[in-house]
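Asks: One structure coming up, written as structure tokens, with questions to follow.
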Amino acid sequence: MTGQDWFEKDFYAILGVPKNADAAEIKKAYRKLARTLHPDHNPGDAAAESRFKDVGEAYAVLSDPEQRKQYDAVRAMAGGGARFAAGGPGGAGTGGFEDLFGGLFGGGSPGGGSGRVRYSTSGGGEGASFEDILGGMFGGGAGAGGFRRRTQRGQDLQATTTLPFRQAVAGSTVTLTVDGRSVTARIPPGVRDGQKIRLRGKGRPGEGGGPAGDLVIAVSVEAHPVFSIDGRDLRMTLPVTFPEAALGAQVEVPTLDGGTVRVKVPAGTPSGRTLRVRGKGVPAPAGDGDLLVTVQVVVPQRLSDDARSAVEQFSAATGDVDVRAELRERAVR
């Protein structure tokens with residue numbers, strides 16, 4: 001940011017607050033705009049990115065009481081943001097930068113002549129630029145134009161990585177090439193497909209001593225033919241036969257570590273009921289997650305003559321049971 005920016009930019013208007021807004025109002029307005037305009041929410045939107053930068057610059061000045069005081073003084077002196085140019089020969093042309101400072105600091109000559117204090121607005125020559133003058137007036141540090149350098153947070157960067165299912169469950173360390181440099185990132189256990197991992201300070205460096213941006217990694221998880229991740233738990237579908245579901249059974253269930261565990265299917269278990277196996281989910285320091293087993297009763301596609309006869313006998317024995325009665329009652333409520 002240059003000294004001219006202080007003349008030209010209305011930081012209050014950028015944040016949408018009145019000039020007498022207190023610190024809390026300014027902070028609230030900044031946070032709302034920063035959330036709305038953040039590049040993460042507006043990928044590829046150059047206008048939003050530009051506004052996001054302007055909002056950050058405005059907040060950096062108005063949130064600092066000393067800088068805000070200096071900014072208000074400069075804006076008041078400039079009459080709200082006019083651009084200044086050197087006056088023409090003999091004072092012709094617009095009332096420019098020299099007129100302003102000549103009047104401000106009493107630059108009239110003793111003899112009633114113009115005696116105007118002259119300032120150069122160019123970068124060369126013996127005269128000081130208006131930014132040098134303002135830097136001296138308001139205590140600017142050494143830097144281009146005499147103004148203190150504005151601190152600017154670095155830009156966030158985006159990256160993607162794909163993990164095999166088992167690595168996603170157990171957690172993994174990945175090395176990515178981002179912005180021409182190598183970044184090593186730790187992916188926590190149980191990461192979901194499409195989840196974003198934010199690494200603080202791994203984005204682009206800040207300006208003027210500002211903090212670095214973040215690196216946001218979008219993780220893709222390869223599908224597994226049996227298991228899926230649900231937070232700290234794993235899920236799977238368990239096929240059971242009709243007799244196992246109707247009469248109850250102890251069945252072998254595979255686990256992600258390559259082993260098996262015996263699970264009790266209670267008598268009368270319907271399709272869709274979920275059984276919980278403790279400690280067979282995603283590993284975590286606070287305690288491993290569980291394996292959630294959803295029962296699916298398998299209907300045979302073909303029946304032998306004996307099997308068909310047995311099913312017909314079962315149907316005759318249970319013919320007085322209306323399994324859809326409750327459905328009809330709920331449908332008319």
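The values are calculated or read from the model by the stated rules, or taken from the named source; none is laboratory data. All figures in this text were calculated on a predicted structure; none of them were measured in a lab. Counting neighbours? That spans all protein chains shown, and the Cβs are built from the backbone with ideal geometry, glycine included.
This table checks each residue for (1) assigned to a loop (DSSP other than H, G, I, E, B); (2) surrounded by 16 or more Cβ atoms within 10 Å (Cβ to Cβ); (3) at negative phi.
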{"position": "THR162", "(1), (2), (3)": "no, no, yes"}
{"position": "VAL174", "(1), (2), (3)": "no, yes, yes"}
{"position": "ARG198", "(1), (2), (3)": "no, no, yes"}
{"position": "LYS202", "(1), (2), (3)": "yes, yes, yes"}
{"position": "GLY210", "(1), (2), (3)": "yes, yes, yes"}
{"position": "GLY213", "(1), (2), (3)": "yes, yes, yes"}
{"position": "ALA218", "(1), (2), (3)": "no, no, yes"}
{"position": "LEU234", "(1), (2), (3)": "no, yes, yes"}
{"position": "ASP257", "(1), (2), (3)": "yes, no, yes"}
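Asks: Taking ASP64 as the residue in question, decide whether it is acidic (Asp, Glu), closer than 19 Å to ARG150 by Cβ and at pLDDT 85 or above.
Replies: yes
Asks: Search the stretch 303-333 for residues being assigned to a helix (DSSP H, G or I) and among the hydroxyl-bearing types (Ser, Thr, Tyr), and hand back the single one that is surrounded by the most Cβ atoms within 10 Å (Cβ to Cβ).
Replies: Here the residue is SER309.
Asks: Something else about it: Looking at ALA325, ALA267, ALA331, which one is hydrophobic (A, V, I, L, M, F, W, C) and in contact with a Gly (Cβ under 7 Å, 6 or more places away or on another chain)? Steps first, answer last, please.
Replies: Working: ALA325 fails: in contact with a Gly (Cβ under 7 Å, 6 or more places away or on another chain); ALA331 fails: in contact with a Gly (Cβ under 7 Å, 6 or more places away or on another chain).
The conditions single out ALA267.
Asks: Restricting to the stretch 20-40, name every residue that is surrounded by 13 or more Cβ atoms within 10 Å (Cβ to Cβ) and assigned to a helix (DSSP H, G or I).
Replies: GLU25, ILE26, LYS27, LYS28, ALA29, TYR30, LYS32, LEU33, ALA34, THR36, LEU37
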